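Just so you know, all these numbers are worked out from the coordinates, no wet-lab data involved. The structure presented is a predicted model; accordingly, all values stated were derived computationally and were not measured. Cβ: placed from backbone, ideal geometry, glycine included. Neighbour counts: every protein chain shown.
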C-alpha cells in the first residue's frame, strides 16, 4: 500500500503515517496556523507588506534629513557654526524675519 501525500504550502505530509510525540513536537510549528490564518489576526499579508514598505521609506527619509536638512548639514552648506543655525531657528537672532 502506497502512502498518500498531501501538499500544503510547499510542505509534504504523509496522511496515513502515525507520528510519534517527539516528531510532532519538532514539527509542531508546521501544523499550527500562521498570520492571517489565525482567527484573532487583525492584519492581512498585504498590510504587513505595506507596513514594511513604509518603514523602509521612513528610514530613507531619515537618512535624507540627516544628510541634507539637519542643523549640521545646514551649517556646512551656509558656512556658519551649528549654534548660529540653532539661534536662527529659535528666533534668538534674525527674529525680525518671518
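Estimated at 0.36 nm per residue, the fully extended path between residue 48 and residue 31 surpasses their Cα-Cα distance by 3.9 nm. A Förster distance of 30 Å, applied to the separation of the beta-carbon atoms of residue 38 and residue 60, puts the FRET efficiency at 0.40. Model label sites at residue 90 and residue 17, defined 7 Å from Cα along the beta-carbon direction, differ in position by 7.1 nm.
Sorting 84, 26 by the number of Cβ atoms found within 10 Å of their own Cβ, with the fewest placed first, yields 26, 84.
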